[in-house]
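Below is one structure, written out as structure tokens, with a few remarks after it.
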Amino acid sequence: MAMGRGSAMMLLFCLFVIHSEMVNAATYTVGDGGGWTFKTVGWPKGKNFRAGDTLVFNYNPSFHNVVVVNSAGYSSCKTPRGSKVYHSGKDQIKLSKGQNYFICNYVGHCEGGMKIAIYAA
């Protein structure tokens, strides 16, 4: 099927927009130099996140993990059924638009501040 000039221009525009979004995506190391550990709950403060940004969670997988949870899981420090659990020690997770919640679900860790809530515009 032949593509008209207008369709070709629209395709190029769409590719440009997609490329621009990818170029603007940032990578953040959770906890900065200290990594994903206790009391990282305040780490997102003052940062502006966007959908598509990548969070890098560095930690010792023998002692911690990263669990993507909903607001109830974040508030209660409980892992809802079906939550995605990461355990590599060098996890990279892209932010979705809206609220994103992460906890460590090892006993007592979330309660000790090993959780973050991030809003991505």
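In segment 28-73, which residues are under 17 Å from H109 (Cβ atoms) and in a helix (DSSP H, G or I)? Within segment 28-73, G34, G73 qualify. For segment 82-105, residues that are hydroxyl-bearing (S, T, Y), out of contact with any helix residue (DSSP H, G or I) (no Cβ under 6 Å at 6 or more places or on another chain) and within 10 Å of V67 (Cβ to Cβ) total 2. Filter segment 51-78 down to the residues that are in contact (Cβ under 8 Å) with a residue 60 or more places away in the chain and buried (at least 18 other Cβ atoms within 10 Å of the Cβ) and list them by number. Answer for segment 51-78, where residues must be in contact (Cβ under 8 Å) with a residue 60 or more places away in the chain and buried (at least 18 other Cβ atoms within 10 Å of the Cβ): D53, L55.
Any residue at all in segment 31-50 that's in contact (Cβ under 8 Å) with a residue 24 or more places away in the chain, of a type in the set (A, V, I, L, M, F, W, C) and farther than 12 Å from M114 by Cβ? Yes. Report yes if some residue within segment 76-89 is in a strand (DSSP E or B) and within 16 Å of G31 (Cα to Cα); otherwise report no. Within segment 76-89, not a single residue is in a strand (DSSP E or B) and within 16 Å of G31 (Cα to Cα).
Taking into account only those residues within segment 96-108 that are crowded, with 19+ Cβ neighbours inside 10 Å and in a loop (DSSP other than H, G, I, E, B), which is farthest from the chain's Cα centre (by Cα)?
Initial filter on segment 96-108 (crowded, with 19+ Cβ neighbours inside 10 Å): 100, 102-105.
Next cut, in a loop (DSSP other than H, G, I, E, B) only: 104-105.
Numbers: C104: 14, N105: 16 Å.
Result: N105.
Just so you know, all these numbers are worked out from the coordinates, no wet-lab data involved. The structure displayed is predicted, hence computed values, not measured ones. Here the Cβ is made from the backbone with ideal geometry for all residues, glycine too, and neighbour counts use every protein chain on show.
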